[in-house]
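Input: a single structure, listed below in structure tokens.
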Amino acid sequence: MDTVTVRIMPQGEAFTAEEDAALRRAGSIIQGGGLVAFPTETVYGLGGDALNAESARKIYAAKGRPSDNPLIVHICRLKDLEKITARVPEEAMRIAEAFWPGPLTIILHKTELVPAETTGGLETVAVRFPSDRIARKLIEYSGGYVAAPSANRSGRPSPTLAKYVLEDMNGRIEMILDGGQVGIGLESTILDLTVLPPRILRPGYVTAEMLGSILKEIDIDVTIMEADSGQAPKAPGMKYRHYAPKGELVIVEGASNQVAEYINVQAAAEQEKGEKTGILCASENFSRYQGNVIKCVGSRRDEEGIARNLFSMLREFDDEGVTKIYAESFEASGLGQAIMNRLLKAAGHHVVKL
Ligand code: TXA
Ligand code: MG
């Protein structure tokens, strides 16, 4: 099939008539059982009708994703939560009021309306109400319930630009809505509200500290930062190798000068062997490095900038044919927890501690 890309302005008072027509066309593709990729404030999503089992099957096929890995159902009105969730605890409404629309996904018990294909066979459903205006309009025109994983082929970094969606999905889906670069760059925080105390299954822009303003107690899934805790992650998707560039990625942790020295020596040795080396560092250390491709992911004082750049830089190393990548390590608190969670997974937990 031909994949059509339509550009839509991410901001503005209202959609133009052409944009509105494209959004309506996208909505009818989804209502007809087809797939449309679209921007959200976190990463691009690959959308299909969440209430249609056949659409879920198509999403798994397009992504090359195992079908036991459940999808997030996206809504565009708080009241739409009712039809797809059961036994909603009182905290859920307070959480929704505080953080929706926004980069938070909550897990609740599902109703019959949601097919088992969408939830990977689970009795629970992940729900998110995004803030992005293109996403919200598309969900509305699609009938209110859009299942959407990140719009990458399984295992690859999540797309933060439409060109990366096209790279992974060309010929596999009907349409891409191009809303430019996303704002956050890392996937939503996932909070499981079917357990007590509620538990964070995936860290994101909404941090444990922020959730703590509403919830008395919060657990954090132990598998978030560890390579092999011996425990299965509660979000099935977190067990797979993820976010990975094609080149082999190693994280190097320690004092800045030692990290730079170690990386420079390793990179020189790898280049001798014919490898093309890449280095991912903070702007503070940029001038310390020598390698084939050196990329500054942002300043350590600006974690939001690092989050926004991380996935696109991993893909840029691929575009430049880098085979061996060395990355600095980052502070793992606040938003840094989400950054390090993705970087560790991308590296398959390969960390050198100096
Ligand atoms: O920011 C985001 O959440 C993006 C945008 C497109 O909204 N979506 C996204 O979806 O990251 P995906 O499919 O790439 O990641 C969803 C994660 C997976 O790890 C999956 O296992 C977990 O959510 N998940 C979904 N439903 C679940 C459930 N019922 N119980 C536990 N984990 C669930
Ligand atoms: Mg994903």
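The values are calculated or read from the model by the stated rules, or taken from the named source; none is laboratory data. These numbers come from a predicted model, not from an experiment. Heads up, the Cβs are rebuilt from the backbone with ideal geometry, glycines too, and the neighbour counts pull from every protein chain shown.
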Pick from the range 316-354, criterion of a type in the set (Asp, Glu) and in contact (Cβ under 8 Å) with a residue 24 or more places away in the chain, ranking: surrounded by the most Cβ atoms within 10 Å (Cβ to Cβ): 328
Selected residue (criterion: farthest from the chain's Cα centre (by Cα)) from residues of the range 329-354 that are in a loop (DSSP other than H, G, I, E, B), closer than 22 Å to residue 266 by Cα and not small (Gly, Ala, Ser): 354
Residue in the range 186-206 that is nearest to residue 314 (Cα to Cα), counting only those that are outside any strand (DSSP E or B) and more than 10 Å from ligand 1 (Cβ to nearest atom): 203
Unique residue being modelled with pLDDT under 95 and in contact with a strand residue (DSSP E or B) (Cβ under 9 Å, 6 or more places away or on another chain) when the list is 88, 36: 88
Neighbours by Cβ (under 7 Å, 6+ apart or cross-chain): first from the range 130-155, within 17 Å of residue 103 (Cβ to Cβ); second part of a loop (DSSP other than H, G, I, E, B) and more than 13 Å from ligand 1 (Cβ to nearest atom): 134/8; 134/10
Single residue of the range 117-126 satisfying the filter (more than 16 Å from ligand 2 (Cβ to nearest atom) and in a strand (DSSP E or B)) that is nearest to residue 106 (Cα to Cα): 125
Search result, residues across the range 307-328 that are farther than 21 Å from residue 163 by Cβ and either aromatic (Phe, Trp, Tyr) or assigned to a helix (DSSP H, G or I) (or both): 326
Residues of the range 302-315 classified as without any contact (Cβ under 8 Å) to a residue 60 or more places away in the chain and either out of contact with any strand residue (DSSP E or B) (no Cβ under 8 Å at 6 or more places or on another chain) or closer than 20 Å to residue 246 by Cβ (or both), total: 3
Verdict on residue 291 being part of a loop (DSSP other than H, G, I, E, B) and buried (at least 18 other Cβ atoms within 10 Å of the Cβ): yes
Answer residue from the range 42-63, given it is away from ligand 1 (no atom under 13 Å from the Cβ) and not in a helix (DSSP H, G or I) and is surrounded by the most Cβ atoms within 10 Å (Cβ to Cβ) among those: 49
Residue tally, condition touching a strand residue (DSSP E or B) at 6+ places or on another chain (Cβ under 7 Å) and either assigned to a loop (DSSP other than H, G, I, E, B) or within 16 Å of ligand 2 (Cβ to nearest atom) (or both), over the range 160-175: 4
Enumeration of residues in the range 124-144 that are surrounded by fewer than 24 Cβ atoms within 10 Å (Cβ to Cβ), more than 13 Å from ligand 1 (Cβ to nearest atom) and of a type outside the set (D, E, K, R): 141, 143, 144
Count of the range 128-159 residues which are within 16 Å of ligand 2 (Cβ to nearest atom), outside any loop (DSSP other than H, G, I, E, B) and in contact with a Lys or Arg (Cβ under 9 Å, 6 or more places away or on another chain): 1
Count of the range 30-41 residues which are under 13 Å from residue 146 (Cβ atoms) and away from ligand 1 (no atom under 11 Å from the Cβ): 6
Residues located in the range 28-41, provided they are surrounded by fewer than 24 Cβ atoms within 10 Å (Cβ to Cβ) and either in a loop (DSSP other than H, G, I, E, B) or of a type outside the set (Gly, Ala, Ser) (or both): 29, 31, 32, 33, 34, 41
